[in-house]
1. Out of Glu57, Glu112, I need the residue that is open to solvent by 40 Å² or more (accessible area, probe 1.4 Å) and of a type outside the set (Gly, Ala, Ser). Which one?
2. Of the residues Ser89, Ser79, which is in contact with a helix residue (DSSP H, G or I) (Cβ under 8 Å, 6 or more places away or on another chain) and not hydrophobic (A, V, I, L, M, F, W, C)?
3. Of all the helices (runs of 4 or more DSSP H) wholly in segment 57-141, which have at least 3 residues that are of a type in the set (Ser, Thr, Tyr)?
4. Scan segment 139-159 for residues that are under 14 Å from Val49 (Cβ atoms) and open to solvent by 40 Å² or more (accessible area, probe 1.4 Å) and jot them down.
5. List the residue pairs whose Cβ atoms are under 8 Å apart, where the first residue sits in segment 94-107 and is touching a residue at least 24 places away in the same chain (Cβ under 8 Å) and within 14 Å of Leu76 (Cβ to Cβ), the second is hydrophobic (A, V, I, L, M, F, W, C) and open to solvent by 50 Å² or more (accessible area, probe 1.4 Å), and the two are 6 or more positions apart or on different chains.
6. Please verify whether Ala12 is modelled with pLDDT under 95, out of contact with any strand residue (DSSP E or B) (no Cβ under 9 Å at 6 or more places or on another chain), open to solvent by less than 60 Å² (accessible area, probe 1.4 Å) and outside any strand (DSSP E or B), treating the condition exactly as stated.
7. Among the numbered criteria (1) open to solvent by 40 Å² or more (accessible area, probe 1.4 Å); (2) of a type outside the set (Gly, Ala, Ser); (3) over 14 Å from Gly146 (Cα atoms), which single criterion is violated by Glu46?
Amino acid sequence: MLRSTLATLALAVALMAGPALAQTAPAPVPAAPPAPPYGRSVTLAEAKVAVAAAEAEARKQGWFMVIVVVEPNGALVMSEKMDGAQYGSNDVARRKAETSANFRRPTSYFQEAVTGGTLNAIFTGALAIEGGELLIVDGQILGAIGASGGSGAQDGLIARAGAAAVK
């Protein structure tokens, strides 16, 4: 009797473990799209165009922003704090621009990665909040623009307006 009880118990355990053993591996993570190459550094004149376009969009929306433009290596070219913008946005806008330039991607890429459960983005020092965009001319990265002062989506709108102005 003990032997048949043990055999029944062993069979039950094996049957319950079967579905767990049959589970498939998680789907592979898709590769990041290829990043554009670095080019020359953004000029001060180009940075002024980007910041002016970003500021115009911020004023149109009624938002107070800090807007920063950096070279491909993350070195500061221009920083503007609109009247009424919060002080904490100075560092955040700069870090968004640096993240985009250093990793050759918009900061929204990292935000989406973290939202999807991939925490590697924040361990690399990347700022995973929308609002950092690349400045691309002729398919090459000249630098990046960062905006801070609103929500991530608002910051992203302002940074994209600035980036679109640089041709």
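The values are calculated or read from the model by the stated rules, or taken from the named source; none is laboratory data. Given the structure is predicted, the values throughout are model-derived calculations rather than measurements. When we count neighbours, we look across all protein chains shown, and the Cβ atoms used for this are built from the backbone with ideal geometry, even at glycine. All accessible areas refer to the heavy atoms of the entire protein, side chains included, with ligands and DNA or RNA removed. Shrake-Rupley method; radii C 1.70, N 1.55, O 1.52, S 1.80 Å.
1. Answer to the selection: Glu112.
2. Ser79 is the lone residue from the list that is in contact with a helix residue (DSSP H, G or I) (Cβ under 8 Å, 6 or more places away or on another chain) and not hydrophobic (A, V, I, L, M, F, W, C).
3. Passing ranges, in order: 89-103, 107-115.
4. none
5. Close Cβ pairs (under 8 Å, with a partner that is hydrophobic (A, V, I, L, M, F, W, C) and open to solvent by 50 Å² or more (accessible area, probe 1.4 Å)) amount to Arg94/Leu76; Lys96/Ile129.
6. Details: modelled with pLDDT under 95: yes; out of contact with any strand residue (DSSP E or B) (no Cβ under 9 Å at 6 or more places or on another chain): yes; open to solvent by less than 60 Å² (accessible area, probe 1.4 Å): yes; outside any strand (DSSP E or B): yes.
Yes, satisfied.
7. (1)
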